[in-house]
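The next block holds one structure in the form of structure tokens; read it before the comments.
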Amino acid sequence: MINVRNRRFSIIALFVAVLVGFGLANLVDWPAQALVHSTAEDANHDHEDNGPAHDDNDDHGSESGAEHEDEGVVSLTSRQIEASNISIVMVGRGGGHETRLTGRVISAIDAKAAIAAPVSGRVVQVNVAPGNTVEAGQALAILVSGEAATLYADTDTAIAAAEAARLIYQRDLKLVEQGVVARQELEASRAKSLAADAAARAARAQMEAVGSPDAQGRIAITSPLAGTVGAVEVTPGGFMSSGGIVAEVSDPARTELAFSMPAAFAAQVAPGARMRVTSPAGSVEAVVVGVALDASERSGAALVRATPTAGKLPPIGSPVSGSIITNQQDGGLTVPADAVQMVDGQSVVFVFTEEDFRATPVLAGRRAGGQIEILKGLSGNERIAGTNAFLLKAELAKGEAEHVH
């Protein structure tokens, strides 16, 4: 009985010892397994984190490179350029000092006429009044002139004499062939015929010069150009002396600019020089067509004439002011004033490269006549944005703002 109990006790003790040993073994092994598992998870986690982080850096670097590459670049299609009215111009050559001028709008030298009577006579008809519009060749007034009637008669006489001399020459030519008339007489008749022809041509030309009067001496005084009638100096029934003004006609659409400037500066201005003109109607571009250095010896001023190349002038008589470049220098580079824009505190121009506009830093110099001198940054062969270049600056700022957000 005692042996059976001892055996049971031994079996229970052995079983408890086995359980205790197995528990201690697991307890000792758990930190190592946990450490290994934690290390593996950390390693995997670090690997996963480092992988995407590395990719993010690569992507960020790529994006930064792209942004750096596109920095200061504005891409526009040809349709967008046209719709924005952005002009593309070549870099100019020149430079110099800006001189301010005052002037006014006048009729072009060949756009006005003072029509005078070619001969003395009596006014029988006046066809126009101030403000009327006339065409070239239209009659302004009708004169009756005894002098003109005499010219008409003299012309008829000269033509008749020329015809008679021609017939005598033809007769002598036949008689010479028959041996009846000497050749010397033939030569004399030929000379008389040539002289009579010349006298007839002179008479016809003189009659045409006075307006081709008819046999009664009536002459139509006509306008040499189309335009508007100004002053009319005659009335029906009045008498006109030769050279007296009948009326004035001018074409208001054909105008030019006249400026007064010191003769010392005028000597530095030549035809073809560009001007920027400001008038009540706005700003226009003009080019010098003539310089008269001795136009007014008493005042010491010279006359500078210019015609507009872009823009519309106000009516005749309107005051204007202009600026012109004197003491020009051929070696410098110039661009339109609108082409130079301030970007991040630096002067830039937008160079056109067929695909986009690139903001190019420049060193700007003097400003004269709507142009700015470029001292550094351009070679002179570039095409740049001129008018409305500020739109490119705004587009560039818009792109930078979108990048920040």
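Here, each number is a calculation from the coordinates, and none is a lab measurement. The shown structure was predicted, so the numbers you read here are calculated from the model rather than taken from an experiment. Counting neighbours? That spans all protein chains shown, and the Cβs are built from the backbone with ideal geometry, glycine included.
Data overview
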| item | result |
| --- | --- |
| Förster radius 35 Å - calculated FRET efficiency between Ala160 and Val180 (Cβ-Cβ, nearest 0.05) | 0.85 |
| Inter-label distance, nm, simple model (7 Å from Cα along the C-beta direction), Ala129/Phe390 | 5.0 nm |
| Total formal charge among the other residues, if their Cβ is under 12 angstrom from that of Ala141, Lys/Arg +1 and Asp/Glu -1 | +1 |
| Selected from Gly146, Ala231, Ala116, residue furthest toward positive end of dipole (the stretch 112-250; charges at beta carbon) | Gly146 |
| Estimated FRET transfer efficiency when R0 is 60 angstrom, pair Gln80-Ala215 (beta carbons, to 0.05) | 0.25 |
| Amide hydrogen neighbours beyond the local backbone of Val119, cut-off 5 Å, H modeled | Gly243 |
| Contour minus Cα-Cα distance for Ala281 and Glu354 (0.36 nm per residue) | 22.7 nm |
